[in-house]
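All remarks here apply to the structure that follows.
Each reported figure results from applying straightforward, stated rules to the coordinates on display, with no laboratory input. This one's a predicted model, so the numbers in the text were calculated from it and none came from an experiment. Methodologically, a virtual Cβ is constructed for each residue, glycine included, from the backbone with ideal geometry; neighbour enumeration extends over all protein chains shown.
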Amino acid sequence: MILAAILSSLIFLVSLWLIFSEKLNRTITAIAGAALIVGLGKLLGFYSEAEALAAVDFNTLGLLLGMMILVALLEPTGFFQCLAVWTGRVSQGRPVRLLVLLGTVTTVLSMFLDNVTTIVLIAPVTILICEILGVSTIPYLIAEALLSNTGGVATLIGDPPNVLIGSSAGFSFIDFLVYSLPVVVVVWLVALLLLRYLFRRELAMRPRNAKAVKRLNPAEALNDPKTARRVLIVLGAAILFFFVHHFLHISPSFVALSAAALALVWVRPDMKKTLERIEWSVLVFFVALFVMVGGLEASGALTWLVGILEGAAGMPPVLFGVLVIWVVAGLSAVVDNVPITIALIPVIQGLGAKGVNITPLWWALAFGAGFGGNGTIIGSTANIVVVSLSEKTRTPITAKLWNKRGLPVMLATCAAASILYALAYPLF
């Protein structure tokens, strides 16, 4: 069993390193790692195909798929572009106001949609507005990614780690609004003020063509108002059901998939085009990670880690929770926060089996994964998307630049979250 634990841990760590170094596509890496662990499990007798299938969290996958379908229906209507153009117009070309408005819109959308999807839809319009104004895109794109990651922590459906944690801990949509949203509001303000300071030179530059933004017409960006209205009605109904799903004894995935089914029936889109817009590679990536972590758990590798943490849990509970925030944040800064979250979920569950009060630790994991992802370019998928889009502009975002802007935001938000966590600990 020791050999199984060592070899499976080695496969998982190599997979994380390949994801971190981006030497291979992360989905391909995860699939290869999952196949190796299942093969090793069959060879050494600790993990079977049936156990690998049982390790997959279909509640998480169903919630992600349902929300992806709704976004895939809403995207071609031009609704998100309309929202971004309206924001640019309201800003009247003033850089600081534009930063605050774009950051706020991105944050609010990220609370109800996957932050990667939000960035993919908002960032291209941001680049267009910046080109019209004649200003650098860097402050706005970085701010959108950082505030999107921060805002996504506020709700159950705002960030993939939250979906994973909510499913494993049994937290409802309301639980996140009660315990996470207040912390995120304060942390978000800290991040916004710090971004305003860090980009003070860029934001002090006067736009060359501010009047052109005032002439933008948001209505022209809305291609299909009828479909947008229908999908928004369904999305609004889904969010209402997220509030009460716990009382109705239905899962968030059932709500999301039911909403997606209703929207598909009402809109009747071209299914081929709709399916093409769904991020299947992300779903497969999640499945492969679930299988890998299931293999780690079956091999006994995580039992050793639980033992180490159980010893650390002897310190005051508040300090242990703060330690979890910073450890998870540090790991999430160097490796995408999704695999870190999936790997640590069974570890926290193992601590619960040992008699440790793990409810506060779930929130520590959520804060660490969400805010820690801001630290580096590879800390979050949204960061990678923003950097890729910036490469098409005159001012591409480099890793060095991101470290100068993203790392201070990560440290400040984690510090603020740690203080709030310690103060609110008796309420968790």
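Given points 7 Å out from each Cα along the Cα-Cβ axis, report the Trp17 to Arg200 separation in nanometres with one decimal.
Inter-label distance under the simple model: 4.3 nm.
Placing one identical point scatterer on every Cα of segment 1-156 and ignoring solvent, what is log10 I(q)/I(0) from the Debye formula at q = 0.12, 0.13, 0.18 Å⁻¹?
Ignoring solvent entirely, the Cα scatterers give -0.70, -0.77, -1.06.
Could you size up the charge dipole of segment 239-392 around its Cα centre, putting +1 on the beta carbon of Lys and Arg and -1 on that of Asp and Glu, and report it in debye to the nearest 20?
The dipole magnitude comes to about 300 debye.
Largest first and in whole Å, what are the equivalent-ellipsoid semi-axes of segment 110-191 based on the Cα gyration tensor, each being the root of 5 times an eigenvalue?
29, 13, 8
At 7 Å along the Cα-to-beta-carbon direction for both Ala415 and Leu10, put a label point, then send me their distance in nm to one decimal.
Modelled inter-label distance: 4.2 nm.
To test your reading of the geometry: what angle, between 0 and 90 degrees and rounded to tens, separates the Cα axis of helix 95-112 from the longest principal axis of the chain?
Tilt relative to the chain: about 40 degrees.
With N denoting the number of residues in segment 113-262, provide Rg(C-alpha) divided by 2.2 N^0.38 Å, to two decimal places.
The value comes to 1.26.
Listing Tyr179, Tyr197, Tyr140 from the residue with the fewest other Cβ atoms within 10 Å to the one with the most, what is the order?
The order, fewest Cβ neighbours first, is Tyr197, Tyr179, Tyr140.
Could you calculate the FRET efficiency of Ala424 with Leu193 from 1/(1 + (r/R0)^6), where r is the beta carbon distance between them and R0 is 30 Å, rounded to 0.05?
The value I calculate is 0.90.
Sticking with the crude label model, points 7 Å out along Cα→Cβ, report the distance from Ser48 to Arg208 in nm, one decimal please.
Reported label-point gap for Ser48 and Arg208 is 6.9 nm.
Run the reach check for Lys226 against lysines, Cα to Cα strictly under 30 Å, same-chain hits fewer than 8 apart removed. What comes back?
List returned: Lys214, Lys272, Lys273.
Among Ser299, Ser251, which comes first, second and so on when ranked by fewest other beta-carbon atoms within 10 Å?
Least to most surrounded, the residues fall as Ser251, Ser299.
How far is helix 115-133 tilted, in degrees, relative to the longest principal axis of the Cα atoms in the chain, given as a value from 0 to 90 rounded to the nearest 10?
30
Can you tell me the dipole magnitude for segment 184-236 around its Cα centre, using point charges on the Cβ only (Lys, Arg +1; Asp, Glu -1), in Debye to the nearest 20?
300
Ratio of segment 64-138's C-alpha Rg to 2.2 N^0.38 Å, to two decimals?
Against the compact-globule rule of thumb, the ratio is 1.11.
With θ set to phi - 60° and the Karplus curve 6.51 cos²θ - 1.76 cosθ + 1.60, what are the ³J(HN,Hα) couplings of segment 147-154 in order, to the nearest whole Hz, using x for Gly and Pro?
My calculation for segment 147-154 gives 6, 5, 4, 5, x, x, 6, 6 Hz in order.
Whole number please: convex hull volume per residue of the Cα set in the chain, in Å³?
Cα-based convex hull of the chain, divided per residue, equals 136 Å³.
Return one number: the angle in degrees, 0 to 90 and rounded to the nearest 10, between the long axis of the Cα atoms of helix 252-267 and the longest principal axis of the Cα atoms of the chain.
Compared with the principal axis, the helix lies near 40 degrees.
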